[in-house]
Amino acid sequence: MHGSPNGSAPTPQAAGPDASRFRAVLGRFATGVVAVTALDPGTGAPAGLAANSFTSVSLDPPLVAFCVAHTSSTWPKLRRAGRVCVNILGAAQQSVCASLATRGGDKFAGLTWTRSPAGAPVIDGALAWIDAEIEQEHVAGDHMIVVARVHDLAETHPGEPLVFYGGAYGRFSV
């Protein structure tokens, strides 16, 4: 709540826009798409999720951040692993994104991958990978903001990124 201009009692803050309008307006901002992966410490099986809310945070120390929905059934597995690999997906990897965005089942069926130096899955064809250790989680509405410290990273393939814009996937063009 904010105070009124004359210093009297606080006035209630107006409700924000509805979810569909919010999504439509923010959909005008293009984002890249990443796959956040780890090996589930309970089973040893690969686990992963797709995210388009990824950003660099700091150079010193090297930090990145991504957001995960509270409803994610994969996030608890990744959190338990402690170290994750952020795979920057290429334009031809929309099917990878679709596989990792599904609920239940074997999300890695049909995907090929190798291990990063820390042991997390690096998805074949990803443009780059980033090994990071989860340091902080911040509740933010219906999502969790995860901050992770980068320990290792590499570019692996040249190419265009997978881009999400206006509710659809596409390519970056110059």
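The values are calculated or read from the model by the stated rules, or taken from the named source; none is laboratory data. Given the structure is predicted, the values throughout are model-derived calculations rather than measurements. Counting neighbours? That spans all protein chains shown, and the Cβs are built from the backbone with ideal geometry, glycine included. Note: accessible area is taken over every heavy atom of the protein model, side chains too, but ligands, DNA and RNA are not part of it. Shrake-Rupley method; radii C 1.70, N 1.55, O 1.52, S 1.80 Å.
Within the stretch 91-110, the residues that satisfy the criterion of being open to solvent by less than 50 Å² (accessible area, probe 1.4 Å) and hydrophobic (A, V, I, L, M, F, W, C) are A91, V96, C97, L100, F108. Pairs linking a residue in the stretch 96-122 that is among the charged types (D, E, K, R) to a residue that is surrounded by fewer than 12 Cβ atoms within 10 Å (Cβ to Cβ), with Cβ atoms under 8 Å and 6 or more positions apart or on different chains, are R103/S73.
Might you let me know whether the stretch 143-165 holds any residue that is without any contact (Cβ under 8 Å) to a residue 12 or more places away in the chain and out of contact with any Lys or Arg (no Cβ under 6 Å at 6 or more places or on another chain)? Within the stretch 143-165, not a single residue is without any contact (Cβ under 8 Å) to a residue 12 or more places away in the chain and out of contact with any Lys or Arg (no Cβ under 6 Å at 6 or more places or on another chain).
If you go through the stretch 53-69 and pick out every residue that is within 16 Å of T102 (Cβ to Cβ) and either over 13 Å from the mean Cα position of the chain (by Cα) or surrounded by 19 or more Cβ atoms within 10 Å (Cβ to Cβ) (or both), you end up with 1.
Each row is one residue, and each column tells you yes or no for (1) β-branched (V, I, T); (2) farther than 30 Å from A19 by Cβ; (3) surrounded by fewer than 16 Cβ atoms within 10 Å (Cβ to Cβ); (4) touching a helix residue (DSSP H, G or I) at 6+ places or on another chain (Cβ under 9 Å).
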position	(1), (2), (3), (4)
T71	yes, no, yes, no
T112	yes, yes, yes, no
D142	no, no, yes, no
V150	yes, yes, no, no
G167	no, no, yes, yes
R171	no, no, yes, no
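Mind checking which residues of the stretch 76-90 are assigned to a helix (DSSP H, G or I) and either more than 15 Å from E133 (Cα to Cα) or open to solvent by 10 Å² or more (accessible area, probe 1.4 Å) (or both)? Listed by number, the residues that qualify are P76, K77, R79, R80, A81.
Evaluate the stretch 43-51: report whether one residue or more is under 25 Å from K107 (Cβ atoms) and open to solvent by 70 Å² or more (accessible area, probe 1.4 Å). If you could, list the steps in order and put the result at the bottom.
Initially, the stretch 43-51 is screened for residues under 25 Å from K107 (Cβ atoms), giving 43-51.
Applying the additional criterion that residues be open to solvent by 70 Å² or more (accessible area, probe 1.4 Å) yields 43.
Yes: the stretch 43-51 contains one or more residues that are under 25 Å from K107 (Cβ atoms) and open to solvent by 70 Å² or more (accessible area, probe 1.4 Å).
Residues in the stretch 125-140 that are open to solvent by 70 Å² or more (accessible area, probe 1.4 Å) and either hydrophobic (A, V, I, L, M, F, W, C) or without any contact (Cβ under 8 Å) to a residue 24 or more places away in the chain (or both): Q136, H138, V139.
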